[in-house]
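Enquirer: I'd like to ask some things about the structure below.
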Amino acid sequence: MGAIVHIGYHKTGTTWFQDSFYPAVRNRRYLPRATARAAFLDAGALHFDPVKARRIIGDAPGNTILCEENLSGGLHNGGLAGNLSKDVADRIRRTLPDADIVIFVRDPLSAIASAWLQYVKGGGTFGLHRYLFGRESLSPVAPERDEAPGFRLDHFDAIALIDHYDALFGRDRVHVFRYEDFRADPHGFATAYAARFGLEVDLARIDWGTRNPSLSRPLLWLARAMNLFTRRAVADKSWLIHIPGCYGLSRRLLRAANGSGRFGRPLKTQDIIPAVLADRLRAHFAPGAPRLARRLHQQEETQQDGGTVLSWRQRPQPYADPKQSPSYRR
């Protein structure tokens with residue numbers, strides 16, 4: 001038995017797994033995010049020591065669960081052009097060579113829209129286009145390119161990182177799931193997921209609430225306006241004046257307002273990404289889409305061994321609101 005290392009991606013339900021699902025598992029030891037970060041992210045690339053990482057993880061590392069979305073790379077910096085994402089995979093392989101790697105993927109356009117909303121929730125002030133393509137306005141030798149790496153579309157071309165993990169661990173130990181399947185039927189998905197990994201968990205005691213709900217349009221504009229009065233917490237933003245405590249206060253007010261349901265419906269992908277930009281993004285991700293589809297199909301085929309597997313009967317849908325049929329157990 002090897003450790004389960006759930007590396008993300010961001011915006012694929014990892015907060016729910018960290019807060020609700022994994023802590024409820026009875027037959028494995030779930031380690032907090034801080035432990036995963038200390039083991040795999042704190043050391044510099046030239047100073048990483050797998051022996052020290054195993055010491056941080058503790059006794060019986062093969063019986064542990066780690067879940068940290070930053071293991072797949074930072075959301076707003078593209079995993080440092082993929083360098084951190086790739087290096088962390090190597091770190092995990094050197095530390096836990098028998099680990100099962102869990103990767104959740106999401107429709108790239110939906111993930112990008114959610115990433116920008118998270119940027120705004122985190123203190124960002126710029127619009128979507130500046131968030132996505134702000135680096136293109138910089139000189140090729142501008143120091144900002146090195147000092148503050150920005151958003152990268154390639155970060156959401158997940159098949160590249162999946163291929164790297166396949167090469168390191170073997171395809172049978174790299175498990176890829178669609179966030180859309182989890183979202184369509186959380187209870188059914190969790191039941192099949194627990195069975196897939198032999199996890200003992202009382203699903204009746206789990207909180208199934210949403211962890212990071214989307215903002216409505218009025219609250220989105222309000223958040224960007226309030227963020228002008230704090231220099232926290234994202235790197236690429238502007239502010240008029242820094243008012244100590246404003247960031248924390250604005251976050252609490254926005255959460256309360258968003259939870260009240262009185263400020264309109266949550267924004268969907270098509271509300272955030274204009275059609276012309278959506279076409280541009282689709283074209284960017286088009287080469288990787290069939291490769292990812294084949295990878296998921298091959299994974300399902302290799303799991304047809306009489307055991308319990310996760311499987312989906314997925315139907316093509318518009319990018320903005322994918323509707324997959326629920327996961328099921330067999």
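Enquirer: Applying the selection to the stretch 195-218, what residues are among the aliphatic types (A, V, I, L, M) and in a loop (DSSP other than H, G, I, E, B)? Break it down into steps so the answer makes sense when it comes.
Expert: Step one: filter the stretch 195-218 for residues among the aliphatic types (A, V, I, L, M), giving 195, 199, 201, 203-204, 206, 215.
Across the stretch 195-218, the qualifying residues are Leu199, Ile206, Leu215.
Enquirer: Residue check, Thr12 against (1) modelled with pLDDT of 95 or more; (2) farther than 18 Å from Ala158 by Cβ, all met but one. Which one?
Expert: All conditions are met except number (2).
Enquirer: Go through (1) surrounded by fewer than 19 Cβ atoms within 10 Å (Cβ to Cβ); (2) among the hydrophobic types (A, V, I, L, M, F, W, C); (3) closer than 30 Å to Arg252 by Cβ for Leu203 and report which single condition fails.
Expert: All conditions are met except number (3).
A quick yes/no check of all residues on (1) polar (S, T, N, Q); (2) more than 23 Å from Ile273 (Cβ to Cβ):
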{"residue": "Ser72", "(1), (2)": "yes, no"}
{"residue": "Gly78", "(1), (2)": "no, no"}
{"residue": "Asn83", "(1), (2)": "yes, yes"}
{"residue": "Pro108", "(1), (2)": "no, no"}
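Enquirer: Would you call Tyr22 surrounded by 20 or more Cβ atoms within 10 Å (Cβ to Cβ), outside any helix (DSSP H, G or I) and in contact (Cβ under 8 Å) with a residue 12 or more places away in the chain? Please lay out each step first, then the result.
Expert: On the way: surrounded by 20 or more Cβ atoms within 10 Å (Cβ to Cβ): yes; outside any helix (DSSP H, G or I): no; in contact (Cβ under 8 Å) with a residue 12 or more places away in the chain: yes.
So Tyr22 does not fit the description; no.
Enquirer: Looking at the stretch 94-128, which of the residues that are at pLDDT 95 or above and of a type in the set (Lys, Arg) is farthest from Arg173 (Cα to Cα)?
Expert: Checking each candidate, the answer is Arg106.
Enquirer: Taking only pairs six or more apart or across chains, which ones have beta-carbon atoms under 8 Å, a first residue in the stretch 37-59 that is of a type in the set (Phe, Trp, Tyr), and a second residue that is in a loop (DSSP other than H, G, I, E, B)?
Expert: Cβ pairs passing all conditions: Phe40/Glu68.
Enquirer: Checking the condition touching a helix residue (DSSP H, G or I) at 6+ places or on another chain (Cβ under 8 Å), over 20 Å from Arg106 (Cβ atoms) and in a strand (DSSP E or B), which residue from Ile56, Ile65 passes? Break it down stepwise before answering.
Expert: On the way: Ile56 fails: in a strand (DSSP E or B).
Result: Ile65 is the single residue among Ile56, Ile65 that is touching a helix residue (DSSP H, G or I) at 6+ places or on another chain (Cβ under 8 Å), over 20 Å from Arg106 (Cβ atoms) and in a strand (DSSP E or B).
Enquirer: Here are the criteria: (1) under 30 Å from Gly127 (Cα atoms); (2) in contact with a His (Cβ under 8 Å, 6 or more places away or on another chain); (3) of a type outside the set (Val, Ile, Thr). Tell me which single one Arg178 does not satisfy.
Expert: So the condition that Arg178 fails would be (2).
Enquirer: Output the residues belonging to the stretch 169-186 that are surrounded by 18 or more Cβ atoms within 10 Å (Cβ to Cβ) and more than 20 Å from Ser114 (Cβ to Cβ).
Expert: Residues satisfying the conditions are Phe169, Val174, His175.
Enquirer: Another question, if that's okay. Exactly one of these conditions fails for Tyr131: (1) crowded, with 17+ Cβ neighbours inside 10 Å; (2) in a helix (DSSP H, G or I); (3) at pLDDT 95 or above. Give me its number.
Expert: In the conditions (1) crowded, with 17+ Cβ neighbours inside 10 Å; (2) in a helix (DSSP H, G or I); (3) at pLDDT 95 or above, Tyr131 misses (3) alone.
Enquirer: When the residues of the stretch 220-254 are narrowed to those that are surrounded by 15 or more Cβ atoms within 10 Å (Cβ to Cβ) and aromatic (Phe, Trp, Tyr), which ends up farthest from Arg130 (Cα to Cα)?
Expert: Taking the candidates together, the pick is Tyr247.
Enquirer: Further, regarding this structure: Of the residues Ala289, Ala257, Ala275, which is exposed (fewer than 12 other Cβ atoms within 10 Å of the Cβ), at pLDDT 55 or above and either aliphatic (A, V, I, L, M) or in contact with an Asp or Glu (Cβ under 9 Å, 6 or more places away or on another chain) (or both)? Full working, then the answer.
Expert: On the way: Ala289 fails: exposed (fewer than 12 other Cβ atoms within 10 Å of the Cβ); Ala257 fails: exposed (fewer than 12 other Cβ atoms within 10 Å of the Cβ).
So the residue among Ala289, Ala257, Ala275 that is exposed (fewer than 12 other Cβ atoms within 10 Å of the Cβ), at pLDDT 55 or above and either aliphatic (A, V, I, L, M) or in contact with an Asp or Glu (Cβ under 9 Å, 6 or more places away or on another chain) (or both) is Ala275.
Enquirer: Then there is this: Quick check: is even one residue across the stretch 69-81 more than 14 Å from the chain's Cα centre (by Cα), among the hydrophobic types (A, V, I, L, M, F, W, C) and either at positive phi or at pLDDT 95 or above (or both)? Break it down into steps so the answer makes sense when it comes.
Expert: Initially, the stretch 69-81 is screened for residues more than 14 Å from the chain's Cα centre (by Cα), giving 80-81.
Remaining after also requiring among the hydrophobic types (A, V, I, L, M, F, W, C): 80-81.
Narrowing the set further to residues that are either at positive phi or at pLDDT 95 or above (or both) leaves 80-81.
Checking the stretch 69-81: at least one residue is more than 14 Å from the chain's Cα centre (by Cα), among the hydrophobic types (A, V, I, L, M, F, W, C) and either at positive phi or at pLDDT 95 or above (or both).
Enquirer: A follow-up question, please. Starting from the stretch 268-282, take each residue that is polar (S, T, N, Q) and list its partners that are surrounded by 13 or more Cβ atoms within 10 Å (Cβ to Cβ) and at pLDDT below 95, counting only C-beta distances under 9 angstrom and pairs at least six apart or across chains.
Expert: Listed pairs, sorted by first residue: Thr269/Tyr319; Thr269/Ala320; Gln270/Tyr319; Gln270/Ala320.
Enquirer: Right, another one. So which of His155, His175 is in contact with a Phe, Trp or Tyr (Cβ under 9 Å, 6 or more places away or on another chain) and not in a helix (DSSP H, G or I)? Give the derivation first.
Expert: Working: His155 fails: not in a helix (DSSP H, G or I).
Every option except His175 fails the conditions.
Enquirer: Scanning the stretch 62-87 for residues that are touching a Leu at 6+ places or on another chain (Cβ under 6 Å) and over 26 Å from Gly134 (Cβ atoms), which turns out surrounded by the most Cβ atoms within 10 Å (Cβ to Cβ)?
Expert: Leu66
The values are calculated or read from the model by the stated rules, or taken from the named source; none is laboratory data. As the structure is a prediction and not an experimental result, all values here were calculated from the model. Ideal geometry is used to build each Cβ from the backbone, glycine not excepted, and the neighbour counts take in all protein chains shown.
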